[in-house]
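Have a look at this one.
Just so it is clear, none of the values below were taken in a lab; they were calculated from the coordinates. Every value quoted in this text rests on a predicted model; they were computed, and no experiment measured them. Neighbour counts run over all protein chains shown; Cβ positions are idealised from the backbone, glycine included.
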Amino acid sequence: MKSKMRMCVSQFQVFDDEMAAFASQLGYTNIQMNSPALPGEKVWSLEDLKALKSRMEQYGLKFVMVENVPLIFYDKVILGLPGRDEQLDNYLLTIRNLHEIGIEIFGHHFSPTFVWRTRDLDGRGGAQVTAFDAAEFELLGNESMKEVMKRKKHLLDYDVFEVMQDMTAEDLFRNYEYFMKAVMPEAEKYDMKIALHPDDPPLRRGHHVERMICSLDDYKRAMNIADSPNWGVNLCLGCCSELGGANGVKEAIRYFGGRKKLFSVHFRDVQGQLPHFQECFLGEGNFNPPEIIRLLAEYKYDGLIMEDHVAKLSFDTVYGHRARAHELGYIKGLIDMMNYDEEQK
Ligand SMILES: [Mn+2]
């Protein structure tokens, strides 16, 4: 049987002619955006979302997933700070607005300090890849992260790393429960799929900061907290691989795939496992890409599949059009080959 998993062009913030041409010319019609850069410091307006969707439609593209609102929309929810109820109201409004424009999956993370990396390394042919080393992170904190957080500080009027020094993973789980109690009934009402991305890297504690989703057990715990058919995972194979290598990836797919909890998949890999790893191209990491595509198909995975972080190729754009085109083509080739084999049976 032909697999129904759907590829998409993803992980960008601004939809413009360049992105439209990139998606259309490569032949992908489904679009995911990660924290679309729309006006608003508390919530996006329905008008702006509608305009975004219709611009995509002009190019024959379909807006199917939004991954993450900006942190400033729900930072108090994650951290349990005063003002979280107002942010929750806006989050519920966002669910209704996204439903209104036909969005199928709404992703979120619970990692206000974002992705942790400690340095860039030379990957294949000198392409730049990010790397993480837990001991280095413990010692220095994340220098590149501090630059990112400085930029975020223009939006947030406090230092997230500072606030999180006194928080534990248990506090985060408690705040997640508060979040889910408000979010899931609304998501069910509008049949919106709510998808959780794990922490990257899935390391419980680093540089005095604790994180929430650092194992399959943590993910199961979040699932039980949400307790809803509309809750599922935005499974980052990269994070699973960072933690448990190929077996970690397969275990997560089997667990969530078997429960119809796989809503979207970040198809990327790393070399090595915690405490240190580096990102890489597909096919040179911990897992065997054809094997993993087959495993997803075995579980009749019909959600979205996309590339995620990519290596920085020489002369590429900031978005990484060259690298992304390569990874997308790689994934599409695997799916087409698998479907061809199925037809021949
Ligand atoms: Mn990811």
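Hey, for a label at Leu46 modelled as a point 7 Å past Cα toward Cβ, could you say which residues of the stretch 177-197 have their backbone N under 15 Å away?
Inside the label zone: 190.
In addition: Could you check which residue among Gln273, Gln58, Gln11 shows the biggest mean-square fluctuation in a GNM of the chain with a 10 Å Cα cutoff?
Looking only at Gln273, Gln58, Gln11, the largest GNM fluctuation is found for Gln58.
Now for a separate question. How many angstrom separate the Cα center of the stretch 207-271 from the Cα center of the stretch 36-76?
25 Å
Can you list the HN-Hα couplings for the stretch 248-259, worked out from phi with the Karplus curve (6.51, -1.76, 1.60; θ = phi - 60°), rounded to whole Hz and with x for Gly and Pro?
x, 5, 5, 4, 5, 5, 4, 5, 7, x, x, 10
For the stretch 6-344, state the average projected area of the convex hull of the C-alpha atoms over all orientations, rounded to one decimal in nm². Could the numbers behind the result be given before it?
Working: hull surface 65.0 nm².
One quarter of the hull surface, i.e. the mean projection, equals 16.3 nm².
At R0 = 35 Å, how high is the FRET efficiency between Leu156 and Arg204 if r is their beta carbon distance? Nearest 0.05 is fine.
Details: r = 24 Å, r/R0 = 0.68.
FRET efficiency, Leu156 to Arg204: 0.90.
Here is a follow-up. Can you work out ³J(HN,Hα) from phi for every residue in the stretch 232-246, in order, using Karplus 6.51 cos²θ - 1.76 cosθ + 1.60 and θ = phi - 60°, giving whole Hz and x for Gly and Pro?
Whole-Hz 3J(HN,Hα) from phi for the stretch 232-246: x, 10, 9, 6, 8, 4, x, 5, 4, 5, 4, 8, x, x, 4.
Quick one: which residues, 5+ away or cross-chain, put their amide H under 5 Å from the amide H of Glu67? H built at 1.01 Å from N.
Here the answer is Met33, Asn34, Ser35, Gly107, since their amide H atoms fall under 5 Å of that of Glu67.
If you check each cysteine of the chain for another cysteine whose beta-carbon is under 4.7 Å away, which ones come up empty?
For the chain, the answer is Cys8, Cys214, Cys240, Cys280, because their Cβ atoms have no other cysteine Cβ under 4.7 Å.
Where nothing but the Cβ of Lys and Arg (+1) and of Asp and Glu (-1) is charged, how large is the charge dipole of the chain around its Cα centre, in debye to the nearest 20?
Working: 41 positive and 53 negative charges, 145 e Å.
Rounded to the nearest 20 debye, it is 700 debye.
So, R0 is 41 Å and r is the distance between the beta-carbons of Asn34 and Glu343; what FRET efficiency does that work out to, to 0.05?
Details: r = 34 Å, r/R0 = 0.84.
Efficiency, from the Cβ-Cβ distance: 0.75.
What number, rounded to the nearest 500 deg cm²/dmol, is the helix-based mean residue ellipticity at 222 nm of the chain, given -39500 (n - 2.57) per DSSP H run of at least four residues and division by all its residues? Can you show the working numbers first?
Details: 12 runs with 159 residues, N = 345.
Taken over the chain, the calculation gives -14500 deg cm²/dmol.
Then there is this: Just to verify a number: FRET efficiency for Asp120 and Asn288, C-beta to C-beta distance, R0 = 30 Å, to 0.05? Mind dumping the intermediate values first?
On the way: r = 26 Å, r/R0 = 0.87.
Efficiency, from the Cβ-Cβ distance: 0.70.
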